[in-house]
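Read through the structure below, which is laid out as structure tokens, and then see the notes.
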Amino acid sequence: MPSTILLSPENSPLRTLTLSRLQLDKDAPVCTVQAQGEELCLYILIGQVDILDLESDAGFGPLGGRRKVTEKAVSVLRVPASRPRYLEVTLGDFSADLLIASAPGPASEAGYIVHHDDIWAHQVGEGTHQREVREVPTPPGYAISCGETLQQPGMISSWPPHANAEDLAKFQAGVTSWSEAFFVVAPSPGFAVLDGYYTDRTPAHEIIRLDNGRSYAMPLGSHACHAAPDSYLYYAWFYCGDALQKQYRKYSDDVGVYRK
């Protein structure tokens, strides 16, 4: 089966979030994705696919279409937490590369949701930490937030720190929860400076290398990502929890605003 688990509670400090990768080509053009009732987020990195719910015969597609992640065309299929499902993913292009984020949750009355034309692409930050963020809206009834960040050579992203001292104190006390994962695409490796706490509340105070095709659990707090001087740095991001609320600039007097 052309599906691989990248991050899960069994192999990383994540408690609820699981991130898998599904790769299709002419030798393996079809894959059945099985869910036991958890919420799913099928994120098409490149290529085009059709997706069919084998039990209800509900079909979705064609989804995707871009041939490189530096293009803005993002496509996502959301599947609510509810009953067990069998989803048949069929290749509609030369190849396709998908990420599948999943998380358990209470049964939701929400239906399937396809994101394509509602993606918000905008510039975040200034100077050396300016980057393009493509944010997928998180509808009612869904817990997983997702999107992607593209930064130019030598630039910095995920800065300033996302969580303040009050956010971290609540998290360490068990008042709030948080899980976050990245998947990296970059011609040359970048690096991230970590200063915070992982989902299981273990401290993260280190510098890690960000390699092409690798996935990483990210801490609550600060994880400033640095692109190599000769390479863009792209990462798809997924998170769930109530420790933070994104807060981008909205009105003219919103200065210095990035996240709560």
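The values are calculated or read from the model by the stated rules, or taken from the named source; none is laboratory data. Being a predicted model, the structure only gives us computed values, none of them experimental. Cβ atoms come from the backbone with ideal geometry, glycine included; neighbour counts cover every protein chain shown. The area values use the complete protein model at the heavy-atom level, side chains included, leaving out ligands, DNA and RNA. Shrake-Rupley method; radii C 1.70, N 1.55, O 1.52, S 1.80 Å.
Can you give me the number of residues within segment 118-136 that are open to solvent by 50 Å² or more (accessible area, probe 1.4 Å), of a type outside the set (D, E, K, R) and farther than 23 Å from S188 by Cα? Full working, then the answer.
First, the residues of segment 118-136 that are open to solvent by 50 Å² or more (accessible area, probe 1.4 Å): 118, 120, 123, 126-128, 130.
Checking the rest, the ones that are also of a type outside the set (D, E, K, R) come to 120, 123, 127-128, 130.
Keeping just the survivors that are farther than 23 Å from S188 by Cα gives 120.
Counting residues in segment 118-136 that are open to solvent by 50 Å² or more (accessible area, probe 1.4 Å), of a type outside the set (D, E, K, R) and farther than 23 Å from S188 by Cα gives 1.
Each row is one residue, and each column tells you yes or no for (1) in contact with a helix residue (DSSP H, G or I) (Cβ under 9 Å, 6 or more places away or on another chain); (2) under 23 Å from I144 (Cα atoms); (3) open to solvent by less than 80 Å² (accessible area, probe 1.4 Å).
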residue: N164; (1), (2), (3): no, yes, yes
residue: K170; (1), (2), (3): no, yes, no
residue: V175; (1), (2), (3): yes, yes, no
residue: F182; (1), (2), (3): no, yes, yes
residue: G190; (1), (2), (3): no, no, yes
residue: V193; (1), (2), (3): no, no, yes
residue: Y198; (1), (2), (3): no, yes, yes
residue: A217; (1), (2), (3): no, yes, yes
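Residue count for segment 97-126 satisfying the condition of being more than 18 Å from the chain's Cα centre (by Cα), among the acidic types (D, E) and closer than 28 Å to S8 by Cβ: 1. Examine segment 27-40 for a residue that is within 23 Å of L220 (Cβ to Cβ), touching a residue at least 12 places away in the same chain (Cβ under 8 Å) and not in a loop (DSSP other than H, G, I, E, B), and state whether such a residue exists. Scanning segment 27-40, I find at least one residue that is within 23 Å of L220 (Cβ to Cβ), touching a residue at least 12 places away in the same chain (Cβ under 8 Å) and not in a loop (DSSP other than H, G, I, E, B), so the answer is yes.
From the residues in segment 219-260 that are among the charged types (D, E, K, R) and open to solvent by less than 70 Å² (accessible area, probe 1.4 Å), which one is modelled with the highest pLDDT?
Here the answer is D254.
Residue-wise test of (1) modelled with pLDDT of 95 or more; (2) not in a loop (DSSP other than H, G, I, E, B).
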{"site": "A110", "(1), (2)": "no, no"}
{"site": "D118", "(1), (2)": "no, no"}
{"site": "A121", "(1), (2)": "no, yes"}
{"site": "T128", "(1), (2)": "no, yes"}
{"site": "E132", "(1), (2)": "yes, yes"}
{"site": "Y142", "(1), (2)": "yes, no"}
{"site": "C146", "(1), (2)": "yes, yes"}
{"site": "T149", "(1), (2)": "yes, yes"}
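Give me the residue from segment 50-73 that is more than 19 Å from the chain's Cα centre (by Cα) and aliphatic (A, V, I, L, M) and, out of that set, least open to solvent (accessible area, probe 1.4 Å). Out of the qualifying residues, it is I51. Residues in segment 200-211 that are closer than 22 Å to Y234 by Cβ, of a type outside the set (A, V, I, L, M) and either open to solvent by less than 50 Å² (accessible area, probe 1.4 Å) or in a loop (DSSP other than H, G, I, E, B) (or both): D211 alone.
The lone criterion from (1) crowded, with 22+ Cβ neighbours inside 10 Å; (2) of a type outside the set (S, T, N, Q); (3) out of contact with any Gly (no Cβ under 9 Å at 6 or more places or on another chain); (4) under 22 Å from M218 (Cβ atoms) left unmet by V79 is number (4).
Within segment 164-194, track down each residue that is assigned to a loop (DSSP other than H, G, I, E, B) and within 29 Å of L98 (Cα to Cα).
Step one: filter segment 164-194 for residues assigned to a loop (DSSP other than H, G, I, E, B), giving 164, 173-177, 186-189.
S177, A186, P187, S188, P189, listed by residue number.
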